[in-house]
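Readers should treat all values here as calculations from the given coordinates under stated rules, not as data from a laboratory. These numbers were taken from a predicted model, which means no experiment stands behind them. Cβ sites come from the backbone with ideal geometry, for glycine too, and all protein chains shown count toward neighbours.
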Number of protein chains: 2
Amino acid sequence: MAASITSGVTAALAALDFTPTLAVLVPTRDEATAWYVRSIERAARKVGIACRVVQLDDPTPAEVAARLDALSADPSVHGVICQTPLPAGVTLDEVGAHIDPRKDVDGANPASLGRLAAGLPTYPPATAAAVLEVLRHERVPLEGAHAVVVGRSTVVGKPAALLLLEENATVTVCHSRTADLAAVTSSADVLVVAVGRPGFVGAEHVKPGAFVVDVGTNPTPDGSLVGDVDHAAVAPVAGRLTPVPGGVGPVTTAMLLRHTANAAQVIAADG
Amino acid sequence: MAASITSGVTAALAALDFTPTLAVLVPTRDEATAWYVRSIERAARKVGIACRVVQLDDPTPAEVAARLDALSADPSVHGVICQTPLPAGVTLDEVGAHIDPRKDVDGANPASLGRLAAGLPTYPPATAAAVLEVLRHERVPLEGAHAVVVGRSTVVGKPAALLLLEENATVTVCHSRTADLAAVTSSADVLVVAVGRPGFVGAEHVKPGAFVVDVGTNPTPDGSLVGDVDHAAVAPVAGRLTPVPGGVGPVTTAMLLRHTANAAQVIAADG
């Protein structure tokens with residue numbers, strides 16, 4: 001599925017007479033981040049997008065902001081993302097505001113989130129966009145369906161909820177304070193889980209036949225990844241369950257590249 | 001209750017050595033709007049806020065935008081709102097983007113909505129803020145409660161849902177495409193109705209004992225207002241039901257004034 005998205009990106013890029021550039025700001029030294037950035041670089045190279053990785057060492061908040069301002073202003077850059085984890089004292093919302101919305105291909109600027117909430121054209125966070133892309137690709141009926149999102153982060157839960165609402169689903173957002181989680185989630189036709197806790201969702205949380213999207217990517221001691229869903233327990237109940245690794249993750253990277261290709265087209269068209 | 005909010009506003013204003021000004025752009029001739037604007041002027045005068053009403057006749061979208069830009073840039077103005085209905089070809093999101101977020105006391109700029117979604121300080125739309133103020137004033141438990149919002153507009157439904165989420169409620173948003181509305185709404189501990197259809201919500205939609213907030217203000221042939229809730233039918237079922245007229249409406253005006261007082265304080269402090 002990620003492959004079908006990236007082949008669409010390649011086709012879109014064929015119409016451009018330049019190579020789009022995705023700038024990736026990495027403001028901390030972190031092994032998992034480095035691994036993810038390399039995977040973005042590899043995927044970008046395959047479709048014909050250049051990656052410019054900018055590694056900072058122990059930057060101040062002002063330095064992160066200044067670098068994002070500079071990349072936003074650089075006419076040779078078409079997409080700008082800032083990797084987490086962020087240095088102490090820096091929040092994604094604060095730095096996100098320094099990414100030009102036209103280049104905000106991972107929807108980190110609160111202005112982009114606001115446009116999403118207002119139903120205006122924008123780049124949603126790539127992970128949230130990937131959740132919707134998986135559902136569309138699998139032709140999951142969303143109109144009038146009950147979609148339950150577990151997790152209310154600014155990068156996944158809330159934007160996924162807004163996108164599901166845009167698709168005319170009835171949307172419920174659950175979180176750590178939800179009183180009887182299983183009672184709510186087990187009424188979901190579509191269940192999106194993004195809490196960052198390995199195996200958090202079990203069979204008792206899932207309506208038989210539901211489509212379950214596991215957004216979790218929790219590292220295991222052996223260097224692999226597990227999702228937020230207990231796959232062994234849920235697979236027999238769910239109608240369909242996206243795998244981890246290999247589900248939303250690669251589609252997220254593909255969406256990042258699609259957004260970058262779109263941004264390059266828009267910027268080129270605007271001169 | 002509106003009185004208790006406005007007395008707080010008066011107290012806050014006592015600390016200022018100038019009279020804050022709320023600019024109200026009215027881009028169409030509409031009787032209901034004119035009535036509402038007069039009620040804002042009266043309420044503002046009472047607390048010591050000046051209202052500058054700017055009536056435009058049949059403006060182009062560019063004229064509306066230019067006027068909002070000018071009011072945003074005017075140092076003697078502390079809050080800027082734009083009344084609906086808007087002229088043909090103009091959307092609130094478009095014109096809202098021309099209101100400086102520091103003066104956006106009715107949360108019309110998508111950037112303000114994005115800050116709300118990101119959990120950053122901002123002015124939510126006054127109606128959505130009023131819904132939360134009513135719930136707080138009545139000490140309705142929200143943490144872990146199931147709050148259902150019927151209606152997904154950018155000015156009420158979505159921002160109210162985001163504010164309820166911020167209060168740790170489990171939040172469901174329903175709308176015209178929701179499959180079995182009564183099944184969803186009758187599980188709500190808190191039910192917020194903002195659909196703009198007189199008497200739309202009946203007893204079958206309400207869980208016994210639920211707190212029901214009726215945001216509807218639908219004009220009746222005799223010149224009065226009715227809500228979106230069938231009050232005769234729902235009152236015996238609901239634990240509490242806000243009246244129309246006299247419920248969310250006056251509190252909305254009070255919130256607009258509170259936001260304007262806050263904006264004046266922030267702008268004064270920033271020099």
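For the segment A:155-168, counting C-beta atoms of other chains within 10 Å of every residue's C-beta and taking the mean gives 3. Peptide packing: for A:162-172, B:75-85, the average count of neighbouring Cβ atoms within 10 Å per residue gives the ranking A:162-172, B:75-85, highest mean first. Measuring from each Cβ of chain A to the axis that turns chain A onto chain B, the shortest distance belongs to A:114, 1 (residue, then whole Å). Label zone of residue B:268 (point 7 Å out along Cα→Cβ, amide N under 18 Å): in region B:29-63 this covers B:44-52. If you take the square roots of the eigenvalues of the alpha-carbon gyration tensor of region A:126-249 and sort them as a ≥ b ≥ c, do you get rounded (a/c under 1.5), prolate (a/b over b/c) or oblate? In terms of gyration-tensor shape, rounded. For the pair residue A:46 and residue A:3, the difference between a 0.36 nm per residue extended length and the Cα-Cα distance amounts to 14.4 nm. Taking 25 Å as the straight-line reach from the Cα of residue A:46, the lysines in range (excluding those fewer than 8 positions away in the same chain) are A:103.
Proximity of backbone amide H atoms, modeled 1.01 Å from N, is registered between residue A:55 and A:26 at under 5 Å, excluding neighbours fewer than 5 places apart on the same chain. In order along region A:87-104, phi translates into HN-Hα couplings of x, 4, x, 10, 10, 4, 4, 5, 6, x, 5, 8, 9, 3, x, 5, 10, 7 Hz, rounded to whole numbers, per the Karplus curve 6.51 cos²θ - 1.76 cosθ + 1.60 with θ = phi - 60° and x for Gly and Pro. Each of residue B:220 and residue B:84 was given a label point 7 Å from its Cα along the Cα-to-Cβ line. The distance between the two points is 2.3 nm. Across region A:138-151, rounded Karplus estimates of 3J(HN,Hα) from the backbone phi angles (6.51 cos²θ - 1.76 cosθ + 1.60, θ = phi - 60°) give 8, 6, 6, x, 10, 4, x, 6, 8, 9, 10, 10, 9, x Hz, Gly and Pro being marked x.
Helices that extend 20 Å or more along their long axis by alpha-carbon positions and average at least -0.5 on the Kyte-Doolittle scale are, among the DSSP H runs of chain A, A:31-47, A:248-269. For chain A, the average shadow cast by the Cα convex hull is 14.1 nm², which is a quarter of the hull's surface.
A helix-only calculation puts chain A at -12000 deg cm²/dmol for mean residue ellipticity at 222 nm, using -39500 (n - 2.57) for each DSSP H run of at least four residues, averaged over all residues.
As a length-normalised measure over Cα pairs under 8 Å and 6 or more apart, the relative contact order of chain B settles at 18 percent. Please check chain A for the longest run free of trypsin sites (Lys or Arg not before Pro) that are loop-located per DSSP (anything but H, G, I, E, B) and have at most 13 other Cβ atoms within 10 Å. After excluding every exposed loop site, the longest remaining stretch is A:140-271.
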